[in-house]
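The values are calculated or read from the model by the stated rules, or taken from the named source; none is laboratory data. Remember, predicted model here, so these are calculated numbers, not experimental data. Don't worry about glycine lacking a Cβ; one is built from the backbone with ideal geometry, like all the others, and counts go over all protein chains shown. To get the accessible areas, we keep the full protein, side chains included, count just its heavy atoms, and leave off ligands, DNA and RNA. Shrake-Rupley method; radii C 1.70, N 1.55, O 1.52, S 1.80 Å.
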Amino acid sequence: MRKYLRSFKREHYYLVNRLWKDALIRMMNPLPGTKLLDVAGGTGDIAFRFLDYVRMQHERQSRQAVKSNQSPSWQQISEFYQQQNKSNSDLGSKAVICDINKEMLKVGRQKAEQLNYTDGLSWVVGNAEELPFDDDKFDVYTIAFGIRNVTHIDHVLQEAYRVLKPGGRFLCLEFSKVQNPIISRLYNLYSFQVIPVLGEVIAADWKSYQYLVESIQRFPDQEEFKGMIEDAGFYRVEYSNMTSGIVAVHSGFKL
Ligand SMILES: C[S@@+](CC[C@H](N)C(=O)[O-])C[C@H]1O[C@@H](n2cnc3c(N)ncnc32)[C@H](O)[C@@H]1O
């Protein structure tokens, strides 16, 4: 029973987590040639999705170009198939994954090898509060489930602003606050009363589940976090709630 509960809970969390990350990439809607910095991205999850999405966009664009031609020549069709074999770095797309934890990066790298992501990726050990990159380098900056645990959120935001190119986009996926009062009461009950107890029963790890719940509670709500992103200098800051606000994606631009 304990084993079944553990695996059900894990599978359910992974599925929802995947859906949130997929939604983040759809919002980003990156084009071939985009340079992404994924901070606190040790697992590589965001970077892999980014590379897949860019390739798909490229293939769709090339296919449409061939189809829009009423009678494509053999050469055009053959070029289309050659384009399919282009790697992400041929397309100019690149993802840099930066994480403070060397071991997390190791796990991410191993996963990249297993999943056959051979190029377009680099792995850098670094602190989100003091990034080891020059100014104005990246088109997009992402941080997924990483900003909640840093010491100075404002430093992280200032660093994100610094390393983005003018016109670049900041995207943050993070646990947030449930907006509907009824769902919020249920969620609070679930998170404070149920998650730590489940953690103790299932994983014998009450403390880390309690920490997870408390760190979510401590994190600023959607509006407050939006204000912090604006204070760092970003423009057109907005957010989208997912799963009733259990998580939110905040977005802003460096102009
Ligand atoms: C919950 S994991 C999220 C990983 C990944 N973004 C994802 O969504 O699967 C949080 C990550 O943040 C990293 N992290 C924590 N503090 C950091 C900091 N100050 N700078 C960079 N990475 C940090 C941790 O090492 C960990 O890999």
Original post:
Has the stretch 30-52 got any residue that is out of contact with any Leu (no Cβ under 6 Å at 6 or more places or on another chain), over 29 Å from Asp135 (Cβ atoms) and among the small types (Gly, Ala, Ser)?
Top reply: no
Original post:
Taking the stretch 108-120, which residues are outside any loop (DSSP other than H, G, I, E, B) and more than 9 Å from the ligand (Cβ to nearest atom)?
Top reply: Arg109, Gln110, Lys111, Ala112, Glu113, Gln114
Original post:
Pairs, please: C-beta under 8 Å, at least 6 apart or cross-chain, first residue in contact (Cβ under 8 Å) with a residue 40 or more places away in the chain and in the stretch 214-226, second in a loop (DSSP other than H, G, I, E, B) and of a type outside the set (A, V, I, L, M)?
Top reply: Phe219/Ser176; Asp221/Ser176; Asp221/Lys177; Gln222/Ser176; Gln222/Lys177; Gln222/Gln179; Phe225/Ser176; Phe225/Phe219
**OP:** Go through the stretch 143-186 and count every residue that is open to solvent by less than 20 Å² (accessible area, probe 1.4 Å), near the ligand (Cβ under 10 Å from one of its atoms) and assigned to a helix (DSSP H, G or I).
**Re:** 2
**OP:** Check the stretch 25-32 and report whether any residue there is in contact with a Gly (Cβ under 6 Å, 6 or more places away or on another chain), β-branched (Val, Ile, Thr) and modelled with pLDDT of 95 or more.
**Re:** no
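Among the residues of the stretch 229-251, write down those that are at pLDDT 95 or above, outside any strand (DSSP E or B) and surrounded by fewer than 18 Cβ atoms within 10 Å (Cβ to Cβ). Explain how you work it out, then say what you get.
Going residue by residue through the stretch 229-251, those that are at pLDDT 95 or above are 229-241, 248-251.
Restricting the remaining residues to those that are outside any strand (DSSP E or B) gives 229-234.
Listed by number, the residues that qualify are Glu230, Asp231, Gly233.
So in the stretch 108-124, with the set limited to residues that are out of contact with any strand residue (DSSP E or B) (no Cβ under 7 Å at 6 or more places or on another chain) and open to solvent by less than 80 Å² (accessible area, probe 1.4 Å), which one is farthest from Arg55 (Cα to Cα)?
Among those that are out of contact with any strand residue (DSSP E or B) (no Cβ under 7 Å at 6 or more places or on another chain) and open to solvent by less than 80 Å² (accessible area, probe 1.4 Å), it is Lys111.
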**OP:** Could you tell me which residue of the stretch 17-69 is nearest to the ligand (Cβ to nearest atom), considering only residues that are farther than 29 Å from Glu159 by Cβ and open to solvent by less than 40 Å² (accessible area, probe 1.4 Å)?
**Re:** His58
